[in-house]
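Notes follow once the structure below has been shown.
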Amino acid sequence: MPVTAVIGAQWGDEGKGKITDYLAQNMDVVLRANGADNAGHTIINEYGEFKLHLVPSGIFNPEVISIIGSGVAVNPKILIKEIVELHSRGVETKNLKISSRAHLIMPWHILLDELQEKSSKENEIGTTRRGVGPVFSDKTARFGLRVGDFLQKENFKKRFQTLYKMKEILLRKVYKFKDLASCEEILRQYLEYREILLSYVDIVESEILVWEALEENKNILLEGAQGVLLDVDFGTYPYVTSSNCTLAGLCQGSGIPPTKINEVIGVVKAYTTRVGSKNQPFPTEMPENLAKTLRERAREYGATTGRPRRIGWLDGYFLQFSAKLNGFTSLAVTRLDNLAGIEILKIANPFLEKSPETKAGWLENKPRQYTRLFGWDKDISNCESFEELPFIAQFYVKFIEILTNVPVKYVSIGPERNQTLIRAQNLKP
Ligand code: IMO
Ligand code: MG
């Protein structure tokens, strides 16, 4: 399986970090392909518990080449902090590379994200306030600075000064914001980040590295951030992120041609969560009393912002949409253990004749029709095989296969690496 992609099938937080860390045991290259430090990939392994925002989740395998790809926007301050933390906890990063094409998040991006969010309650998205919308806007508007610009210090300084002036006018005149640090101060800060980053990571044309790996038939894993329903084109727009979280986005964020992808794993949480403003449509949201139980049990709080996640039933409609859009070849169902003890489990039925591309359309899709399944009581977190799961839990997983027409290959029953069941014979649904 030379190229495998790991993609969140819902609204993020599906457990992509855990699945990537698990699969990275057999990989040569792991590349984070999209998003920014809005992502929070939680990993628990022999080194402890980590929440990675930028560094690929393959970093724990010292043999793996870990790459931050061209589709990622990098806040150098956050990246440095993450690397320093990894070092302090005994994790090596000598094989960490970063694409020269990755964009840099600048202080004005973070400010603009905040100011835009505060400007109207009605249009508030509930972003992570990491500067994601503004940095990707600047990327497409061609007003960005890229990691590769660090390699030519004098050019970096010049472009920085031009962009600073532009943003200063925007902030002062439009947003009436007067506290932007001086050009010299931010520049000094970024030149400092530059020095530190150059000493920690190689800035490379990462597409060349992956092409070489492809030629040598090495195993490559593309780690997606966010989830399909947060994709800027196909997600629940405008309540989305600003990058492409689909398979196509992962190809674009890595330089791997679509024809070279062999396996596309959709990561599906056994229920649904979403985080952000209350404006965001969430057709299968559970009543708060049940949501609260699940939230506490499963620690459903944002890994990046600490916000409580909203919780809902599995949504067959969105899962089918997600599977079609990405051509999943298999699924990894995560957090199945957290459903134990719920008497009746509901799954919203699919109805794919409608593709809801507008905000009104997403809202219109309420309410869902549900299939009701009996739940199970047994704690399944120590089961050692799929067959050892209670019959009804097995059926729940098989029901997901029927909904999506994609085989479930992995079932995660806890956060630890070894709490992962593989369905070896991988039956066709
Ligand atoms: P991982 O990779 C969950 C959500 C934010 C907000 C919307 C837009 O951990 O699955 P942004 O800051 O991107 O402009 O916010 O998208 N969001 C995520 N939700 N997991 C993520 O990443 C997310 N990244 C962004 O909460 O609703
Ligand atoms: Mg997250």
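Computed over the Cα atoms of the range 103-198, what is the ratio Rg over Rh, Rh following Kirkwood?
0.98
If you take the alpha carbon radius of gyration of the chain and divide it by 2.2 N^0.38 Å, what ratio comes out, to two decimals? Before the final figure, lay out the partial values.
Values: Rg = 21.4 Å, N = 429, 2.2 N^0.38 = 22.0 Å.
The value comes to 0.97.
Within the range 103-198, what is the number of lysine pairs with alpha carbons under 21 Å apart, leaving out pairs fewer than eight places apart on the same chain?
20
Take the solvent-accessible surface of the protein heavy atoms, probe 1.4 Å, and return the percent of it on the chain that carbon and sulfur atoms account for.
So the carbon and sulfur contribution to the accessible surface is 51 percent.
Please compute the length gained on full extension between Phe391 and Asn123, using 0.36 nm multiplied by the number of residues separating them and subtracting their Cα-Cα distance.
The span from Phe391 to Asn123 would gain 92.0 nm if fully extended.
Starting from the 7 Å offset along Cα-to-Cβ, what nm value, one decimal, do you get for the label separation of Ile44 and Glu205?
Output for this residue pair reads 4.4 nm.
If the chain between Ala248 and Lys173 were fully stretched, how many nm would it gain, using 0.36 nm times the residue separation less the Cα-Cα distance?
Extending this stretch completely gives an extra 23.2 nm.
Which whole DSSP H helices in the chain pass both tests: a Cα extent of 30 Å or more along the axis and a mean Kyte-Doolittle value no lower than 0.0? Write out the running numbers ahead of the final one.
Numbers: long enough: none.
What comes out of the filter, once short or polar helices are dropped, is none.
Name the chymotrypsin sites (Phe, Trp or Tyr not before Pro) in the range 166-239 that are in a loop by DSSP and that have at most 10 other C-beta atoms within 10 Å, would you?
none
Could you please report the charge total around Ile43, scoring K, R as +1 and D, E as -1 over all other residues with beta-carbon less than 9 angstrom from its beta-carbon?
Charge balance near Ile43 sits at +1.
For a quick check, take a GNM of the chain with Cα springs below 10 Å and name the residue from Val174, Val264, Val411 with the largest mean-square fluctuation.
Of the options given, Val174 has the highest mean-square fluctuation.
Can you return the aspartates and glutamates within cross-link range of Lys292? Criterion is Cα-Cα under 14 Å, with same-chain partners fewer than 8 residues away left out.
Output for Lys292: Glu300.
Cβ under 13 Å from Gly71's Cβ, Gly71 left aside: what net charge do those residues give with Lys, Arg +1 and Asp, Glu -1?
Once all neighbours under 13 Å are counted, the net charge is +1.
Under a straight-distance cross-link criterion of Cα-Cα below 26 Å, which lysines are reachable from Lys409, leaving out those fewer than 8 residues away in the same chain?
Output for Lys409: Lys16, Lys18, Lys51, Lys218, Lys260, Lys269, Lys324, Lys346, Lys378, Lys398, Lys428.
Provide the gained length on full extension for the span Glu416 to Lys157, in nm with one decimal, where the gain is 0.36 nm per separating residue minus the Cα-Cα distance.
Details: separation 259, 0.36 × 259 = 93.24 nm, distance 4.51 nm.
Net length gain for the segment: 88.7 nm.
If I build a Gaussian network model for the chain, linking alpha-carbon pairs within less than 10 angstrom, which residue out of Gly48, Gly316, Gly235 has the largest mean-square fluctuation?
Gly48
So, in nm, how far is label Phe374 from label Glu215 when the simple model puts each one 7 Å beyond its Cα toward the Cβ?
6.0
The values are calculated or read from the model by the stated rules, or taken from the named source; none is laboratory data. Treat the numbers as computed from the prediction; the structure is a model and nothing was measured. With ideal geometry, Cβ positions are generated from the backbone for all residues, glycine too; neighbour counts draw on all protein chains shown. Remember, those area values only see protein heavy atoms, side chains included, never the ligands or the DNA or RNA. Shrake-Rupley method; radii C 1.70, N 1.55, O 1.52, S 1.80 Å.
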